[in-house]
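Working notes for the structure below.
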Amino acid sequence: MSEIGDIRSPQGGHRRTVILRHVGIFVSLISAWEIACRLGWLDPLFFPFPSAILTGFWRLYVAQGNIWPHLGLTMAEVLVGFVAGSAFGIGLAICVGMVDRLRRYMKPYVVILEATPRIAIGPVIIAAFGFGWTSKTAIVMLVCFFAPFVNTLNGMVGVEAEKLSMFRSMRASKTQTFLKLMLPSALPEISAGLRLAMASALGGALVAEFIASNAGLGVLINQYTSTLNMASAFVCVLTLSALGYFIFRGMEELDRILVFWNDRDRTARVGERRKAAWAAGKGGKS
Amino acid sequence: MTAMAVETATAGDHDAATLPVIAAHDLRKTFAGGSVVAVEDADFQIRPGEFISLVGPSGCGKSTLLRMVAGLLERTSGSLTVHGQEVTGPHPTVAMMFQKPTLLDWRTAVENVLLPTEIAGRVTDADRRRAMDLLELTGLKDFAFSFPSQLSGGMQQRVALARLLQTGADILLLDEPFGALDEFTREHLNVELLRIVNEVRSTTLFVTHNISEAIYLADRVFVMTPRPGRIAGIVEVPFERPRPLSIQQGPEFNALVSRVRATFESAA
């Protein structure tokens, strides 16, 4: 262990300086902000003291704890809308992808839908579903539908002709061709579509809450800014940053699981697992 | 391994040597409403266990001919029979291998080999053993649980070859299977192919644009010329199969190469 440590020490030392520099840059940025506020260069009315934001975190999360229901609601809207919207998108793409004739007639609608900013339909949806969580979830669904739909369709259409010929020469049924060839071939693109959808889901939920709502982080931000409680508004924004970051990491992880064969280490591990399963007499995968 | 050879050879054994396994009469394929003639009036008969090379430049219709035999492409006119039956679509006694390995990236080598069995029905323990045996036959025993991305191009084609044999088909169609590989790997795989084909006693159609490769592998070489695509001549190869690579240095082999070339030139 110590030997390895010795060999690696230049690299380890390098990593330590990198971390130190990151901390240094972060601390100086925050200090510069704090100092700029104290010297009156930044108006603390709009750009609150970092220290005020820090105490805001304490107040919103612990002392008053009033962010929790809003945070929970926004997350629920995002999750439900994402799952429903992307499932709908993938499902519809599969239906269209399996029927050549349908695919040809879908094109103009896809193009028009792509050109329309999805959020423009937001007020219509709110008028239809009301101010509650259903309209927000519906808007997130709308925002999350498109990328998985288009990517799934592209992935299915993009299957190599020779592979399709191979399946045909093996006299595979349409269902077999879909399950064993087209769907897994499309997985990398489907996964990329899901990542895009997830990235826009959070934004979609927020905008929907800005338009009209009675709860959620978007409403909270609106309330705090209208009462010039900027520190609390920043707490909400930073909460969203953290949420977005974790969603992003989660989607990356999902991609590594779904499309394991594009990741070298994971491919090796899955190979070992399949080998063990085979030895245990369960071999072969459906 | 002998058990396997018997298993794959049965389909051709009924009328052994008397009836052709594949027969074409005035076989014709045109594209674009008849303006492009891909295959013109092909006539040939292939006996059980024969190894036929189809050699010719790109666009001579050799792949089109192969795809018609595979039942992947409809003929325009003429007749084409496999085991005495008119070809109307993919047939269980015919299996095809492509220039690309066409492996499924999410399946290990042995899972890829098992694909034809899965498509045909349920996978039994016997099928699994057979898949492993075939990977051993193609020299990939230690890579059964590797994924395609972990294998070299040559190894991927070996998996594809094992998958081809797993179908149990007694007619094997190979469309430039080693064309994308380097010279050394290709020669090596050709030697292996002859050994394996001898072991499973299949009837084999091999498409290539390499004259030496065509002669080295085949009992008969169908020489094809383009525009319109047709079989300009058939060259018999007298050597016993399997054969060592060294026969390619002999004067007899060179004479055969010259004959194939002459067939091209007389047609041009």
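The values are calculated or read from the model by the stated rules, or taken from the named source; none is laboratory data. Remember, predicted model here, so these are calculated numbers, not experimental data. So basically every Cβ, Gly included, is an ideal-geometry build from the backbone, and we count neighbours across all protein chains shown.
Yes/no per residue for (1) under 22 Å from the mean Cα position of the chain (by Cα); (2) within 11 Å of another protein chain (Cβ to nearest Cβ); (3) loosely packed, with under 14 Cβ neighbours inside 10 Å; (4) not polar (S, T, N, Q):
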{"position": "A:Leu206", "(1), (2), (3), (4)": "yes, no, no, yes"}
{"position": "A:Glu209", "(1), (2), (3), (4)": "yes, no, no, yes"}
{"position": "A:Ser213", "(1), (2), (3), (4)": "no, no, no, no"}
{"position": "A:Ser241", "(1), (2), (3), (4)": "yes, no, yes, no"}
{"position": "A:Gly244", "(1), (2), (3), (4)": "yes, no, no, yes"}
{"position": "A:Phe260", "(1), (2), (3), (4)": "yes, yes, no, yes"}
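The residue that is nearest to the other protein chains (Cβ to nearest Cβ), among those in segment A:151-183 that are farther than 22 Å from A:Lys107 by Cβ and β-branched (Val, Ile, Thr), is A:Thr177.
In summary, B:Arg128 fulfils each of the numbered conditions (1) over 28 Å from B:Pro242 (Cα atoms); (2) in a helix (DSSP H, G or I); (3) more than 8 Å from every other protein chain (Cβ to nearest Cβ) with the single exception of condition (3). In summary, B:Leu73 fulfils each of the numbered conditions (1) crowded, with 20+ Cβ neighbours inside 10 Å; (2) in contact with a Ser or Thr (Cβ under 8 Å, 6 or more places away or on another chain); (3) more than 19 Å from B:Val197 (Cβ to Cβ) with the single exception of condition (1).
Checked against the criteria, B:Ala23 counts as over 20 Å from B:Ala214 (Cβ atoms), among the aliphatic types (A, V, I, L, M) and in a strand (DSSP E or B).
Only one of the numbered conditions (1) charged (D, E, K, R); (2) buried (at least 17 other Cβ atoms within 10 Å of the Cβ); (3) within 25 Å of the chain's Cα centre (by Cα) is violated by A:Lys180, and that is (3). Scanning segment B:62-86 for residues that are of a type in the set (A, V, I, L, M) and either within 19 Å of B:Met224 (Cβ to Cβ) or within 9 Å of chain A (Cβ to nearest Cβ) (or both) returns B:Leu65, B:Leu66, B:Met68, B:Val69, B:Ala70, B:Leu72, B:Leu73, B:Leu80.
Tallying residues that are of a type outside the set (A, V, I, L, M, F, W, C), at pLDDT below 90 and closer than 16 Å to A:Val237 by Cα within segment A:12-64 yields 3.
Go through segment B:147-189 and report how many residues are in contact with a strand residue (DSSP E or B) (Cβ under 6 Å, 6 or more places away or on another chain) and aromatic (Phe, Trp, Tyr). Final tally of qualifying residues: 0. Within segment B:104-122, track down each residue that is buried (at least 23 other Cβ atoms within 10 Å of the Cβ) and either β-branched (Val, Ile, Thr) or more than 9 Å from chain A (Cβ to nearest Cβ) (or both). Once the filter is applied, which keeps residues that are buried (at least 23 other Cβ atoms within 10 Å of the Cβ) and either β-branched (Val, Ile, Thr) or more than 9 Å from chain A (Cβ to nearest Cβ) (or both), segment B:104-122 yields B:Thr108, B:Ala109, B:Val110, B:Asn112, B:Val113.
Checked against (1) part of a helix (DSSP H, G or I); (2) more than 13 Å from chain B (Cβ to nearest Cβ); (3) buried (at least 18 other Cβ atoms within 10 Å of the Cβ), A:Ala186 passes all but condition (2). Residues in segment A:189-217 that are touching a Leu at 6+ places or on another chain (Cβ under 6 Å) and outside any helix (DSSP H, G or I): A:Ala215, A:Gly216.
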